[in-house]
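What follows is one structure encoded as structure tokens, with my remarks underneath.
The values are calculated or read from the model by the stated rules, or taken from the named source; none is laboratory data. Everything numeric in this text was worked out from a predicted model, so none of it was measured. Here Cβ is always computed from backbone atoms with ideal geometry, including for glycine, and neighbour counts include all displayed protein chains.
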Ligand SMILES: Cc1ncc(COP(=O)(O)O)c(C=O)c1O
């Protein structure tokens with residue numbers, strides 16, 4: 001028998017099944033947000049909470065910027081929807097061009113989706129479709145990585161590497177997937193500032209996988225340049241370069257899943273720019289609309305697009321049987337244009353870059369504190385690894401989150417880690433306060449056993 005839920009009389013929580021949330025615990029310990037402005041949320045206890053993870057990594061410009069609201073409203077008055085198939089709005093073309101201009105050279109085509117999960121599944125389809133039209137129909141295998149999060153589509157969970165996301169759905173997994181090892185090694189890289197120096201050799205595992213399956217069966221490798229959802233796992237120096245070289249050598253496409261790292265989080269337009277490694281496709285979502293309204297997409301190398309067009313048959317025939325009712329929807333398109341305008345006018349990527357050392361210094365100042373096994377950071381993102389409570393996985397992290405809320409900041413639980421990724425509009429003092437509250441919260445949570 002489960003205990004009766006203590007649902008506050010004022011709020012009926014019975015119908016809403018919360019995503020990626022321990023629902024039973026939530027009903028006992030609800031966290032209800034009421035409004036958001038700038039870098040702060042306001043909850044139902046009247047608390048002002050610094051948004052230490054930019055929503056879910058999706059709101060780098062803070063909340064309720066009137067320029068985004070005005071653009072959405074104007075678009076609503078002008079055209080609230082345009083059929084996504086067989087027609088398009090002009091602003092969707094200009095948005096695609098704008099995103100392509102921000103991307104590494106050669107990634108000139110954009111396929112719009114509504115989320116990161118859809119972007120991932122779209123990229124996997126493009127990879128397999130491309131090899132097929134190139135006469136390499138045997139190239140169907142996709143290589144993901146342990147600890148990867150690529151959303152919740154069937155493709156995304158198959159190439160993803162988080163066991164909790166996979167085990168319940170094992171029978172639905174896409175066939176023909178293999179995984180690279182993750183690069184996290186506490187004994188070799190604890191308390192690294194920025195990229196760990198150990199671990200580039202882990203990329204060589206791709207050669208082992210190629211030897212096992214044969215290159216002619218492999219369509220693509222998909223990786224997050226920095227693994228965000230499993231707690232900001234930063235790639236070792238030289239690792240991504242090696243992966244790129246091995247993919248190129250064997251004719252395997254490389255997809256960077258930049259749903260978190262795209263649009264400035266790493267102090268550059270894309271992680272690809274920051275690491276100096278150009279993939280063949282980039283998935284994006286989240287920050288493109290500042291989280292205001294759903295949108296995602298895939299940046300694709302032109303010759304991949306050209307090959308699929310060339311194989312399209314008669315001119316009136318559809319070349320690629322894929323798309324969403326809301327692909328390139330005019331309202332998120334208008335929001336995205338406004339967001340990119342703000343990135344430019346407010347120099348936000350440089351502001352994120354300038355905050356990187358502030359976050360790094362504040363985080364690493366926690367080194368030596370009881371209960372903190374590791375501290376890592378890259379760009380305007382970072383995490384601390386907690387010493388878990390024996391036999392109670394995730395409880396320490398939950399208690400840290402709750403103590404942070406008491407202290408006036410929001411952070412994100414990532415397994416036994418706590419992740420932070422403040423908005424680009426934050427002040428240095430706000431970033432320092434975020435980490436100081438986090439340190440106190442760990443002290444509080446260490447009193448539990
Ligand atoms: C790297 C990565 N890919 C895909 C996704 C899925 O995005 P969405 O939740 O928009 O489907 C996420 C979400 O956090 C992500 O971090």
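For the range 53-73, a residue qualifies if it is part of a loop (DSSP other than H, G, I, E, B), in contact with a helix residue (DSSP H, G or I) (Cβ under 8 Å, 6 or more places away or on another chain) and within 16 Å of the ligand (Cβ to nearest atom), and the qualifying residues are 58, 59, 60.
Within the range 161-181, the set of residues being out of contact with any strand residue (DSSP E or B) (no Cβ under 6 Å at 6 or more places or on another chain) and under 21 Å from residue 236 (Cβ atoms) comprises 162, 181.
Quick test for you: out of 378, 321, pick the one residue that is modelled with pLDDT of 95 or more and surrounded by 15 or more Cβ atoms within 10 Å (Cβ to Cβ). Exactly one of 378, 321 is modelled with pLDDT of 95 or more and surrounded by 15 or more Cβ atoms within 10 Å (Cβ to Cβ), namely 378. Sort out which residues of the range 322-336 are assigned to a helix (DSSP H, G or I) and either without any contact (Cβ under 8 Å) to a residue 24 or more places away in the chain or under 20 Å from the mean Cα position of the chain (by Cα) (or both), and write them in order of number. Matches in the range 322-336: 332, 333, 335, 336. Among the residues here, residue 176 qualifies as more than 15 Å from the ligand (Cβ to nearest atom) and assigned by TED's automatic domain parsing to the domain that holds residue 323. Within the range 99-116, the set of residues being within 16 Å of the ligand (Cβ to nearest atom) and outside any helix (DSSP H, G or I) comprises 111, 112, 113, 114, 115. Checking each residue in the range 408-449 for being more than 20 Å from residue 367 (Cβ to Cβ) and in a helix (DSSP H, G or I) picks out 429, 430. Could we say that residue 372 is outside the structural domain of residue 308 (by TED's automatic domain parsing) and either within 23 Å of the chain's Cα centre (by Cα) or surrounded by fewer than 20 Cβ atoms within 10 Å (Cβ to Cβ) (or both) here? Against the criterion (outside the structural domain of residue 308 (by TED's automatic domain parsing) and either within 23 Å of the chain's Cα centre (by Cα) or surrounded by fewer than 20 Cβ atoms within 10 Å (Cβ to Cβ) (or both)), residue 372 does not qualify.
Listed here are the residues, each with its yes/no results for (1) buried (at least 24 other Cβ atoms within 10 Å of the Cβ); (2) within 16 Å of the ligand (Cβ to nearest atom); (3) without any contact (Cβ under 8 Å) to a residue 60 or more places away in the chain.
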{"residue": "135", "(1), (2), (3)": "no, no, yes"}
{"residue": "186", "(1), (2), (3)": "no, no, no"}
{"residue": "205", "(1), (2), (3)": "no, no, yes"}
{"residue": "227", "(1), (2), (3)": "yes, yes, no"}
{"residue": "238", "(1), (2), (3)": "no, no, yes"}
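When we screen 348, 355, 373, 359 for residues that are under 28 Å from residue 22 (Cα atoms) and touching a residue at least 12 places away in the same chain (Cβ under 8 Å), the only hit is 373.
Filtering 53, 49, 61, 95 for residues that are over 28 Å from residue 382 (Cα atoms) and surrounded by 11 or more Cβ atoms within 10 Å (Cβ to Cβ) leaves a single hit, 95. Looking at this structure, is residue 289 crowded, with 21+ Cβ neighbours inside 10 Å and either in the same structural domain as residue 153 (by TED's automatic domain parsing) or under 22 Å from residue 353 (Cβ atoms) (or both)? When the stated conditions are applied, residue 289 passes them.
The residues listed here are 86, 77; of these, the one that is surrounded by fewer than 20 Cβ atoms within 10 Å (Cβ to Cβ), in a loop (DSSP other than H, G, I, E, B) and either within 20 Å of the chain's Cα centre (by Cα) or more than 16 Å from the ligand (Cβ to nearest atom) (or both) is 86.
Criterion applied to 127, 119, 96, 148 was being within 11 Å of the ligand (Cβ to nearest atom) and in a helix (DSSP H, G or I), and the one residue passing it is 119. Note on the range 246-284: among residues that are on the phi > 0 side of the Ramachandran plot and under 14 Å from the mean Cα position of the chain (by Cα), the one that is surrounded by the fewest Cβ atoms within 10 Å (Cβ to Cβ) is 264.
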